[in-house]
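Chemist: The structure under discussion is supplied below as structure tokens; questions concerning it will follow.
Laboratory data are not the source of any read-out in this text; all were calculated from the coordinates shown. All values derive from a computational prediction rather than experimental measurement. Heads up, the Cβs are rebuilt from the backbone with ideal geometry, glycines too, and the neighbour counts pull from every protein chain shown.
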Amino acid sequence: MSLLIIGGPTAVGKSDLACCVAQKLDGEIISADSMAVYKFMDIGTAKPLECMKKVKHHLIDVVEPSGYFDAKIFEEQAKKLIEEIQKRGKVPMVVGGTYLYIQALLYGIDETPKPDWKLREKLYALAERKGKEFLFKKLQVIDPNYASKIHPNDLRRTVRALEVFLSSGKPFSSYHSWDKPKLKHVGIFLIRNRESLFKRIEDRLKNMVKNGLLEEIKRLLEMGYESFLTSGQAIGYKEFVPCAKGEKTIEECLQEAIRNTKEQAKRQIRWFKKQSWHEINLDEVPFEEACKKIVEIYRAYA
């Protein structure tokens, strides 16, 4: 049974549609969301809690915010899960917007050097002294290919790439092969019109605040996870930390989160548009019709 991948930008509507498709295909969902893997972070990651009651999900709530999880770990765990799901006679579905994870799964990542915690601490200390921009500029010189795939504020991935280079002498991107997919798959790219998508991003962030995002962040700060919450990876969390600490107004933090999330969506769209996948515009195709269409595409190409 082929793998079904449903991808697209944040807030496009992947989770609800994937839930519908999974029930029609008797599928199980493997989350390709780099934030949903973390425990205690439900509101800001928009975990599909209702769908999780109906459809079996994997790689959600598997590590604490202080734990380590990257694209290589995702590749290894997702491949195992795909085999297990197929053995059960069900359809494996990868759903999410973290294209680095999907890319790693499809094209593979060679074994990278194990974490060098002392070197990593030195790099983080350097970022504290000179700013994350300083490290990102170093990465752009050392490994422009990988630097072009991550956000300049993504300190966690910047540090890992520099750490690998300093440990091995090889650019982090040299461990990746992006020529030919190694897994048979059917890819679906969900999109909306730009204005519609941006409005959904704004509404979703406002609703997260209404539904207790600040309280969730305060609990995480009390648990000692501030360094993770303020990392470049934690879009939708890091922007609200100053508000939770009384340093900025909620409106200031909200507007910054909206800006960063829109930029993230643009990066996601650029990557997914490069794939030769079936594209569905959810502003033009009604929900039920889109669900039916994905099922038909999968059955035709799987």
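Chemist: What number, rounded to the nearest 500 deg cm²/dmol, is the helix-based mean residue ellipticity at 222 nm of the chain, given -39500 (n - 2.57) per DSSP H run of at least four residues and division by all its residues?
Modeler: -16000 deg cm²/dmol
Chemist: Now a separate question. In whole Å, how far is the Cα centre of region 126-175 from that of region 208-242?
Modeler: Computed from Cα coordinates, the inter-centre distance equals 24 Å.
Chemist: Here's a follow-up. What list of ³J(HN,Hα) couplings, whole Hz, do you get for region 186-202 from phi and the Karplus terms 6.51, -1.76, 1.60, once you set θ to phi - 60° and write x for glycine and proline?
Modeler: Per-residue couplings from phi come out as 10, x, 10, 10, 8, 9, 9, 5, 3, 4, 5, 4, 5, 5, 5, 4, 4 Hz.
Chemist: Per 5 Å bin, what is the whole-percent P(r) computed from every C-alpha pair distance within region 228-302?
Modeler: Each 5 Å bin holds this share of Cα pairs: 3, 13, 15, 14, 13, 11, 11, 10, 6, 2, 1.
Chemist: For LYS54 and THR249, compute 0.36 nm times the residue count separating them, minus their Cα-Cα distance, and round to one decimal in nm.
Modeler: 66.4 nm
Chemist: For region 82-166, take N as its residue count and report Rg(C-alpha) divided by 2.2 N^0.38 Å.
Modeler: Scaled against compact globular proteins, the figure is 1.38.
Chemist: A further question follows. Equivalent-ellipsoid semi-axes (√(5λ), Cα gyration tensor) for the chain, whole Å, largest first?
Modeler: Value: 30, 25, 18 Å, ordered largest first.
Chemist: Rounded, prolate or oblate, given the Cα gyration tensor of region 117-175, with a/c below 1.5 counting as rounded?
Modeler: In terms of gyration-tensor shape, oblate.
Chemist: Out of ALA290, CYS253, GLY44, whose Cα points farthest toward the positive end of the dipole of the chain (charges: +1 Lys, Arg; -1 Asp, Glu; placed on Cβ)?
Modeler: ALA290
Chemist: Here's a follow-up. Quick one: grab the alpha carbon gyration tensor of region 255-296, order the square roots of its eigenvalues as a ≥ b ≥ c, and give me rounded if a/c is under 1.5, else prolate or oblate depending on whether a/b is larger than b/c.
Modeler: In terms of gyration-tensor shape, oblate.
Chemist: Within the chain, what's the longest stretch lacking GluC sites (Glu not before Pro) that sit in DSSP loops with no more than 13 other Cβ atoms inside 10 Å?
Modeler: It works out to 112-246.
Chemist: If you don't mind, another one. Report the label-to-label distance for LYS24 and LYS292 in nanometres (one decimal), using points 7 Å from each Cα along the Cα→Cβ vector.
Modeler: 0.8 nm
Chemist: Taking 8 Å as the Cα distance limit and 6 or more residues as the minimum spacing, I'd like the relative contact order of the chain as a percentage.
Modeler: Relative contact order, the chain: 27 percent.
Chemist: Once both labels are modelled 7 Å past Cα along the beta-carbon direction, what's the LYS182-SER2 spacing in nm?
Modeler: Reported label-point gap for LYS182 and SER2 is 2.0 nm.
Chemist: Applying a 10 Å radius around every beta-carbon, put 8-16, 203-211 in order of their mean neighbour count, most first.
Modeler: Descending mean neighbour count gives 8-16, 203-211.
Chemist: Please find the FRET efficiency linking LYS273 to SER174, where r is the Cβ-Cβ separation and R0 is fixed at 30 Å, and quote it to the nearest 0.05.
Modeler: Here the calculated transfer efficiency is 0.75.
Chemist: Here is a follow-up. Dipole size in debye (nearest 20) for the chain around its Cα centre, Lys and Arg Cβ +1, Asp and Glu Cβ -1?
Modeler: Dipole of the chain, to the nearest 20 debye: 560 debye.
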